[in-house]
1. Enter the angle in degrees (range 0 to 90, nearest 10) between the Cα long axis of helix A:55-73 and the first principal axis of the Cα atoms of chain A, meaning the one along which they spread out most.
2. Using each residue's phi in the stretch A:238-244, evaluate 6.51 cos²θ - 1.76 cosθ + 1.60 at θ = phi - 60° and report the 3J(HN,Hα) Karplus result to the nearest Hz, with x for Gly and Pro.
3. What are the extents of the Cα atoms of chain A along their three principal axes, in Å, largest first?
4. Karplus couplings for the stretch A:256-268 from phi (6.51 cos²θ - 1.76 cosθ + 1.60, θ = phi - 60°), rounded to Hz, Gly and Pro as x?
5. Could you tell me the extents of the stretch A:191-249's C-alpha atoms along the three principal axes, largest first, rounded to whole Å?
6. To the nearest µm²/s, what D does Stokes-Einstein give for the stretch A:219-344 at 4 °C and 1.567 mPa s, using the Kirkwood radius over alpha carbon pairs as Rh?
7. Any chance you could give the angle, 0 to 90 degrees and rounded to 10, that helix A:580-590 forms with the longest Cα principal axis of chain A?
8. Tell me which of A:Val63, A:Ser135, A:Tyr449 sits at the most positive position along the dipole axis of chain A, charges placed on C-beta atoms (Lys, Arg +1; Asp, Glu -1).
Amino acid sequence: MIKMRILLIHSDYINYKTKSKTKIAEDIEDKQKSMHFENSLVVFTAVEKQDEEDPQAVVENAVKEIKDVFSKVKADNIVIYPYAHLSSSLSSPDIAKKILKEMKEVLAADGLKVERVPFGWYKSFELSCKGHPLSELSRNIVVEKAHEEKGEEEPSRFYILSEDELYDPGEFTYQSSDLEKLVAYELGELESTGEEPPHVKLMREKDLADYEPSADIGHLRWYPKGRLIRDLLADYVYNLVTDRGAMPVETPIMYDLGDEAIRVHAEKFGERQYRMGTKSKNLMLRYACCFGAFRLLSDTFLTWKNLPLAIYELSTYSFRLEKRGEVVGLKRLRGFTMPDMHTICTDVGQSMEEFDSQITMCAQTGEDLEINYEAIMRVTADFLEENREWVMNSAQKVGKPVLLEILPRRKHYWICKMDFAAIDYLGRPIENPTIQIDVESGERFGIKYIGPDEEEETPIIIHCSPTGSIERVIGALLENSAIQMEVQSPMFPVWLSPSQVRVLPIAERHLDFAFSLAEELRNEQIRADVDDRQETVGKKIRNAAGDWVPYVIVVGDKELESDELMVNVRETQNKVLMDKKTLIERIKEETNGMPFRKLPLPVKLSQRVQF
RNA sequence: GCCUCAGUGGCUCAGCCGGUAGAGCGAUGCCUUGGUAAGGCAUAGGUCGGGGGUUCGAAUCCCCCCUGAGGCUCCA
């Protein structure tokens, strides 16, 4: 709730004289230094911290109150008098000035005589209150929330874009059932089954992550295996973007809403922000890295020769105050981790070239993560008209048909974006990678570069998350395994498997051999552990299967004697005889180019705890 | 946020027209030294999500809250 305090006095007269300036004084003309008004409605006003959330609405409501009283008391004019002492929690001076000025303008536009007493000066004043029943009133200007402009919006048009041709989504022959499902969802035609998405159960069953009831909803705790996968994915994106020249940075997670650019950008997300106050500041938690990236870039000296230039940050965490009922598993969280790359381009043309190469990068992540992505390209009608050929060509970079959404007019900061979605077990999309051409933020955040003609120019910015949020990637991987489960043994890609090889000694006399084998594998950067518990082989095999271990080796007397190992290969469900070297080479090949981290758990299963 | 359903040992669940809790897995101990999806026996472990109410008595009935799931809405 927002409230500004005003005190209304119907006066016989008021006069004031400026004495000395404060640090926040506004510049004034000579005639404003001392003024006198008769039969005035004096409006003492204190703009408060919380008013920063929605200055527009505060102005509207204040004007309404003032006009109401003004018409009742029959004063000749209105005097807006800044009076900080009405509040113990003032807004920033800039916003206060802005609100006071706008109040005056709006009242004046209604043909009323209004004056505004200078802001930020020490003043003497003399006031004569009329003393009639309505002559002294105070009001709290209450704004429940920023009202959204409804207005019937013209709907988007949808097409399937395939091989340079546009098709009606209803008439297109789909090769991919995933694309068909995505289209059904986007067009609002997907009927739901009422089932629970399997990844929620899996993330807990596999000891990856769980809800933390003592946090807010939608915030998870991560166990070692889950933490490992998060870290590997983070390493993966880091390598991906730095390889193409992006520079990693890190920026704060909270921002001051007293900053005009921050406030306007934040308002785009309306109610879905975490807010926090300190004594002197009204802060928001970031919902993406944009804030820090833009502020950083606006303080950076850039020339056209530097562009395109990309900075990258993994936002641990981004915060979005999603509605209760929308928060679910790894799909929709209130605190999540998102790789976020911002590319500064000289102009729309350069941004289109970058966009193309980022399409390739995003498509690559689908292959590396073994997730099937379907793509939606969204463009404004204006952009499409001007760049029709480019749009057609770019869409083809995805390598398969894409859904094209044409927005009749620009609603958001972007003019063109591409979203990649995985389709979950229940046929619903998990939106992951995204690329957006932003035409607003450069200007709003005062980001500049020096052009070839030595003039300052405003750049175009591309937002890109090459994988989408890390949590959603893991969610998509788990949904994938649930789909796999119907036809084969589910598993993670080998490079993401917490245990890549498990060694199962048959009896105690095989323990030393098992430990040294596992150690040799670990020296080769393979996560290998040993099930040294006093259990039967059958039980250990069963447990290893439950842990989705890609390679399981049983060692007994035979293995002590020979170099051959009997390896249970999960992917094919076969037992394969091979030697150590072959196994190592095979795993190296499967994990080639992907990041590695060490086993985050005790090597001995007997020492592990249950989460 | 709204509607519907759910919350019982670490996990999965039974008990629920009222008489203060039960199984399997897991854990611990002992026996078994076992060659590919659960070896045997024993033991420990629960203020039945939290609070309030009805009652001689509440896991069980009623109210409020918290958490989770599904649906609606929403994801810039």
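1. Roughly 30 degrees, rounded to the nearest 10.
2. Residue by residue, the stretch A:238-244 yields 4, 5, 4, 7, 5, 4, 9 Hz.
3. Taking the Cα atoms of chain A, the three principal extents are 109, 56, 52 Å.
4. Working through the residues one at a time gives 8, 6, x, 7, 4, 5, 4, 4, 5, 5, 5, 4, 4 Hz.
5. Extents along the principal axes, in whole Å: 44, 34, 22.
6. Details: Rh = 16.1 Å.
Rounded to a whole number, D works out at 81 µm²/s.
7. Approximately 30 degrees, to the nearest ten.
8. A:Ser135
The values are calculated or read from the model by the stated rules, or taken from the named source; none is laboratory data. Predicted model, so just to flag it, every value in this text is computed and none were measured. We place every Cβ from the backbone using ideal geometry, glycine too, and count neighbours over all the protein chains shown. When the accessible area is computed, the model is the full protein with side chains, heavy atoms only, and any ligands, DNA or RNA have been set aside. Shrake-Rupley method; radii C 1.70, N 1.55, O 1.52, S 1.80 Å.
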